[in-house]
Structure formats: structure tokens, C-alpha cells
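S.K.: One structure, as C-alpha cells, below. Some questions next.
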Amino acid sequence: MRLILLGPPGAGKGTQAQRLVARHGIVQLSTGDMLRAAVAAGTPVGLKAKDIMASGGLVPDEVVIGIIADRIELPDAAKGFILDGFPRTVPQAEALDALLKSKGLKLDAVVELRVNESALLQRVEARVAEMTGRGETVRIDDTPEVLSKRLAAYRSQTEPLVHYYSERRNLLTVDGMMPIQEVTDDIERVLSAIVSSEKKTAKAKASAKKSASKTSAAKPAANRRTPAKKTVKAPTKATKTAAKTAAKASSKSKPAAKAAKKTIKTSKAPAKSAKKAGKK
Ligand code: AMP
């Protein structure tokens, strides 16, 4: 499974990515983590990125595209991955498309965590206060001032990706303001809808193939009214459309939203979970 987690800083992408990693056995590819490691190691990439990151800006596209292109090549990414914090601009998304295409890979879903910006600032302030209280080191770009800049960068450069992916693929929007477990449940719900519609498509393809081969075996070519090729193509197309519709419908599924709301009411520790959601 290959996924993108889209959402502003502090939306809980890192937390949700870790849960998906544990559940699906795929790797989390966080460009933020990779860049922080490069800064700490003092590599040429790190030296380039250090000041930009500290000020809340975006590292140049070619730098992060290069990092991801190399990372995807590693064997642990073969089973699938979750991109957390990448792509962040339209050129990065286009480069990712080209990269995946060149490898014959496809994205299964883009999950957008939608959150309320003023609540994000409050989350960060609370987290910084907690960490400082515990004597822990606070991330240099996790101050309210830098976060405002990171949010501005998200709005102007990353948010256009919502439109980019809604036009091209399965964009699934999840309410990121819910407690952590409910966000996870919603993500899992939409992912399982995708997986089952993909299974259905594969099954339909297989049975169409089987019936096509039966038809061609039963009738001599001269007696066939419809070419065998058509028998294969028609159900495949129809199934694809049905699968797309199913995935779309499931992403907007009211019962899912209702169920999620219901869970919020019954959740025992929403405040604790909401605080945790801000953590990376
Ligand atoms: P994150 O941990 O994802 O919030 O990223 C921390 C910082 O790393 C960002 O504020 C950017 O400066 C930089 N960064 C991470 N990912 C990207 C990316 N895909 N494109 C540009 N800059 C990035």
C-alpha cells in the first residue's frame, strides 16, 4: 500500500503514520525527519536546509525530491510506504507522479487530515509548555511564531495539492480534530473501502478473463459473433468505474461520519488524545 498523508503541521500526520506503519507493515517516509537527521549529521543537504527549516520555510523542491527518490529505492520501501510531509508543493507532486510511473507503481490513496488552524496553534502552545515543564528540548521550529509561518507556507504552497489530488486520485478527507483513535478508525475505514474495491476489480478482471477464455475455447473463431477481446474489456471498464464510485462514496460515507461522531461522545479520554495528536 502506498499512501500520502496530507495536512498542516501539527495535524497529527506523524502520529497517524506510525499507527499505519504498525498495522500495515509499511514504512513511514517523513521528509521532515530525514531533513532533521541531515541537519544533525551536518551533511551538505543538512547545511542547505538548516536555516530554512528554522525559519519555517520550505526546503527547495529538488532537495526533497532527491531525498525521496533515493529513499523509495531502499528495500524496506518495496512493500509500501506512507509519505508524511511529502509532497508539499505541486512540482513535488508532479515529480512523485513521474517517479512512481517510471517504476510502474501507483498511489493507493491520499488522506487529507483537515484541522482547525487556531486549535493547532493552541495545541502547539500546550505541547511546548508541557515539554518545557518536563525539561525536554523543544523543536526549534515548534514555537508559535515559526508555526504561524509554517502554516502560511502550507496554505500557499501545500493546500493546492488538495485540488491536485482530488482531480487525479482518491483524495480522502478525514476530520483531524477528532481524538487520535477516532482519526485512525476513520482512516482505516476509508482504506479498507479502497482495498476491498481493488479486490473486487481484480476478481472481476480474473473472472472476465476466465469467461473470455471459455468462450474462445467453446466456439470456433468463425462462429463467434463478438470478438473475444470485447468480452474481456467491457466488464473490466465497468468494474473500474464501480470501484471508483465505491471508493468515493465510502470517503463521503455518512454512516462512517455518524459512527465517528458517536464514538467521540463515548470516548473516555478525548482531551488526552487531542493533546497527543499534536505530537510528531
Ligand atoms: P515536518 O517535520 O514535516 O513538519 O517538516 C519540518 C520542516 O522540514 C518543514 O517546515 C520544512 O522546512 C522542511 N520540509 C519537510 N518536508 C518538506 C518538503 N516536502 N518540502 C520542503 N520542505 C520540507
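The values are calculated or read from the model by the stated rules, or taken from the named source; none is laboratory data. If you're wondering where the values come from, they're calculated on a predicted model, not measured in any experiment. Positions of Cβ are generated from backbone atoms using ideal geometry, with glycine treated the same way; all protein chains shown enter the neighbour counts.
S.K.: Has the stretch 46-57 got at least one residue that is without any contact (Cβ under 8 Å) to a residue 24 or more places away in the chain and crowded, with 20+ Cβ neighbours inside 10 Å?
M.R.: Narrowing the stretch 46-57 to residues without any contact (Cβ under 8 Å) to a residue 24 or more places away in the chain: 46-52.
Retained after the next criterion (residues that are crowded, with 20+ Cβ neighbours inside 10 Å): 49.
Checking the stretch 46-57: at least one residue is without any contact (Cβ under 8 Å) to a residue 24 or more places away in the chain and crowded, with 20+ Cβ neighbours inside 10 Å.
S.K.: What are the residues in the stretch 108-122 that are touching a residue at least 12 places away in the same chain (Cβ under 8 Å) and in a helix (DSSP H, G or I), if any?
M.R.: Of everything in the stretch 108-122, those that are touching a residue at least 12 places away in the same chain (Cβ under 8 Å) and in a helix (DSSP H, G or I) turn out to be Glu117, Ala119, Leu120, Leu121.
S.K.: Against the definition (within 26 Å of Glu94 (Cβ to Cβ), among the hydrophobic types (A, V, I, L, M, F, W, C) and surrounded by fewer than 20 Cβ atoms within 10 Å (Cβ to Cβ)), how does Ile26 come out, yes or no?
M.R.: Considered against the rule, which asks whether it is within 26 Å of Glu94 (Cβ to Cβ), among the hydrophobic types (A, V, I, L, M, F, W, C) and surrounded by fewer than 20 Cβ atoms within 10 Å (Cβ to Cβ), Ile26 comes out as no.
S.K.: Pairs, please: C-beta under 6 Å, at least 6 apart or cross-chain, first residue assigned to a helix (DSSP H, G or I) and in the stretch 123-141, second among the hydrophobic types (A, V, I, L, M, F, W, C)?
M.R.: So the pair list comes out as Val124/Leu147; Val128/Val138; Met131/Val138.
S.K.: In addition: Quick check on the stretch 53-102: of everything there that is outside any helix (DSSP H, G or I) and among the β-branched types (Val, Ile, Thr), which residue is farthest from Arg19 (Cα to Cα)? Show your work before the answer.
M.R.: Filtering the stretch 53-102 for residues outside any helix (DSSP H, G or I) gives 56-60, 74, 78-89.
Now drop any that are not among the β-branched types (Val, Ile, Thr), which leaves 59, 82, 89.
On the way: Val59: 27, Ile82: 11, Thr89: 25 Å.
The residue in question is Val59.
Each row is one residue, and each column tells you yes or no for (1) farther than 15 Å from Pro9 by Cβ; (2) surrounded by 14 or more Cβ atoms within 10 Å (Cβ to Cβ); (3) in contact with a helix residue (DSSP H, G or I) (Cβ under 9 Å, 6 or more places away or on another chain).
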{"residue": "Arg88", "(1), (2), (3)": "no, yes, yes"}
{"residue": "Ala98", "(1), (2), (3)": "yes, no, no"}
{"residue": "Lys101", "(1), (2), (3)": "yes, no, no"}
{"residue": "Leu107", "(1), (2), (3)": "yes, yes, yes"}
{"residue": "Glu125", "(1), (2), (3)": "no, yes, yes"}
{"residue": "Val128", "(1), (2), (3)": "no, yes, yes"}
{"residue": "Val138", "(1), (2), (3)": "no, yes, yes"}
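S.K.: Right, here's the next one. From the list Asp61, Asp51, Asp84, pick out the single residue that is modelled with pLDDT of 95 or more, more than 24 Å from Leu161 (Cα to Cα) and charged (D, E, K, R).
M.R.: Asp51
S.K.: Please determine whether any residue of the stretch 73-81 is surrounded by fewer than 21 Cβ atoms within 10 Å (Cβ to Cβ), within 13 Å of the ligand (Cβ to nearest atom) and more than 30 Å from Met177 (Cα to Cα).
M.R.: Within the stretch 73-81, not a single residue is surrounded by fewer than 21 Cβ atoms within 10 Å (Cβ to Cβ), within 13 Å of the ligand (Cβ to nearest atom) and more than 30 Å from Met177 (Cα to Cα).
S.K.: When you go through Asp175, Asp142 one by one, which is the residue that is within 14 Å of the ligand (Cβ to nearest atom), closer than 20 Å to Gln122 by Cα, surrounded by 15 or more Cβ atoms within 10 Å (Cβ to Cβ) and not aromatic (Phe, Trp, Tyr)?
M.R.: Being within 14 Å of the ligand (Cβ to nearest atom), closer than 20 Å to Gln122 by Cα, surrounded by 15 or more Cβ atoms within 10 Å (Cβ to Cβ) and not aromatic (Phe, Trp, Tyr) holds for just one of Asp175, Asp142, which is Asp142.
S.K.: Still on this model: Which one of these is part of a helix (DSSP H, G or I) and out of contact with any Ser or Thr (no Cβ under 6 Å at 6 or more places or on another chain): Gly10, Gly14?
M.R.: Just a single option satisfies the conditions, and that option is Gly14.
S.K.: Mind checking which residues of the stretch 109-122 are surrounded by 17 or more Cβ atoms within 10 Å (Cβ to Cβ) and over 20 Å from Leu20 (Cα atoms)?
M.R.: So the first thing to find is which residues in the stretch 109-122 are surrounded by 17 or more Cβ atoms within 10 Å (Cβ to Cβ), and the list is 109-113, 115, 120.
The answer is Leu120, and nothing else.
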